[in-house]
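Below is one structure; the comments refer to it alone.
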Amino acid sequence: MPAGKCSPGGLQGTEPSWRRLPLAALLRLPGRKPREAGRRGDVKPERPGWCGGAPRPLFCGHYKPQRALRRERSMESPLPGGPRESRAERAGGARNMWVFGYGSLIWKVDFPYEDKMVGYITGYSRRFWQGSTDHRGVPGKPGRVVTLIEDPEGCVWGVAYKLPIGQEGEVKAYLDFREKGGYRTTTVLFYPKDPLVEPFDVLLYIGTWENPNYLGPAPLEEIAEQIFNAVGPSGRNTEYLFELCNSLRDLVPEDVDEHVFALEKLVKKLLEQEQQNLNSV
């Protein structure tokens, strides 16, 4: 062996060649296993940003938050030296009652409330499958309003309202009367748009297929025609549709409710055709 050579480190008296390799190359040395991605202790996963197929700053529907991550966030304190009462704790307290609005309750708020939050629920999709004979239609010529259908991949954005403490029974009685046309109540988990606020239970009004005013699915063109023609004690059915669409755009501009916005386009097309017919007379 020639003088000055050593094996396998290279020249004697100098730094071994493997010490001069960059870190990425060292990770590929024979016999060295690369670090496995996703092991405990790596960077925590963020909430995926998907709802309705388009990128979102928030997750919705296709990913369930891990309880451990929620517990960690709830223990964090924004002020050094002491804990704080989070909005989630105030929202989810046993003495508080929250109601989730996904239709007219979003834009026609004629009841008292103490607080409100924009957010969503999962496991449902919004559909114009509920008949209305007391607000947007009349018996024999019902209008169509939204209800929710069970959908494992579904996600519905709306607004949760905190009922005034001490007036919960009174306000709920009014809402029961307002939603008397076939709706029943259930409790679901609400995910606030603010990711720092913990999910909490809300009261949900839903018109299921058992109720007498339930109309069920139909071709979008037929639903649009029915909405276009229906009028009830609360006004035209078209107003209900357009107010809902505008409110959803204002609250969650990234969200795309294909069913609702497709109906909006069809009804606006019918209105344009009607105006053209009037102009041609």
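The values are calculated or read from the model by the stated rules, or taken from the named source; none is laboratory data. Treat the numbers as computed from the prediction; the structure is a model and nothing was measured. Heads up, the Cβs are rebuilt from the backbone with ideal geometry, glycines too, and the neighbour counts pull from every protein chain shown. These accessible areas exclude ligands, DNA and RNA; they are computed on the full protein's heavy atoms, side chains included. Shrake-Rupley method; radii C 1.70, N 1.55, O 1.52, S 1.80 Å.
Observations
- Trypsin sites (Lys or Arg not before Pro) restricted to the range 137-234 and DSSP loop, no more than 14 other C-beta within 10 Å: K180
- Solvent exposure ordering (accessible area, 1.4 Å, most first) of L148, L220, L196: L196, L220, L148
- Distance in nm between pseudo-label sites at D194 and E221 (7 Å out along the Cβ direction from Cα): 4.7
- Seen through its C-alpha gyration tensor, with square-root eigenvalues sorted a ≥ b ≥ c, the range 153-207 comes out oblate because a/c lies at 1.5 or above while a/b is not bigger than b/c.
- Here the 3J(HN,Hα) profile of the range 174-181, calculated from phi with Karplus coefficients 6.51, -1.76 and 1.60 at θ = phi - 60°, is 5, 5, 4, 5, 5, 9, 6, x Hz, Gly and Pro shown as x.
- Integer Hz, Karplus 6.51/-1.76/1.60 couplings in order for the range 122-139, x for Gly and Pro: 10, x, 9, 10, 8, 9, 7, 10, 9, x, 10, 10, 10, 10, 10, x, 9, x
- Between the amide H of L203 and those of W98, V99, F100, distances stay under 5 Å, these residues lying 5 or more places away or on another chain, with hydrogens modeled in the peptide plane.
- Shape call, the range 231-277: gyration tensor on alpha carbons, a/c limit 1.5: oblate
- Entries in K116/K180; K108/K141; K180/K265; K172/K268 that, when Cα-Cα distance is taken, lie over 31 Å: K172/K268
- Distances between placed amide hydrogens fall under 5 Å for Y214 paired with G131, all partners being 5 or more residues away or on another chain.
- By the compact-protein rule of thumb, 2.2 N^0.38 Å, the alpha-carbon radius of gyration of the range 131-281 corresponds to a ratio of 1.17.
- Long-range HN-HN contacts of G154 with modeled amide H, under 5 Å: G123, Y124
- Among the GluC sites (Glu not before Pro) within the range 135-179, not one is in coil by DSSP while having at most 12 neighbouring Cβ atoms inside 10 Å.
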